[in-house]
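All remarks here apply to the structure that follows.
We did not get these values from a lab; they are worked out from the coordinates using the rules stated. From a predicted model like this one, the values you see are computed outputs, not experimental measurements. So basically every Cβ, Gly included, is an ideal-geometry build from the backbone, and we count neighbours across all protein chains shown.
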């Protein structure tokens, strides 16, 4: 039994020694470095494009918010103008009514 175990252990060590990968050749190392560099460049390009797209989207959103703010300000201004006009018209109507009322009322008769 010990012979069998010893043979199996020796076989494991022998296969482990042959299973190691050899050191890469300089050409393979260069190719791998070039591939890594190309992948890094592509990733950087992608990231840059995403950042640009996000910036564009943010700019469009900011412009839209600005437009909404301008529209609200204009609406507020229009309401104030309408209110001022209505107040002026009411004042004129009251003045006219008072004038008409004064003309319609006979002057008091004074006797001496």
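Points to keep in mind about this one:
- Between residue 93 and residue 78, the simple label model (points 7 Å from Cα in the Cβ direction) yields a spacing of 2.3 nm.
- Label positions at residue 47 and residue 29, each projected 7 Å from the Cα along the C-beta direction, are separated by 2.7 nm.
- Label-point separation in nm, residue 71 to residue 2, each point 7 Å along Cα→Cβ: 9.4 nm
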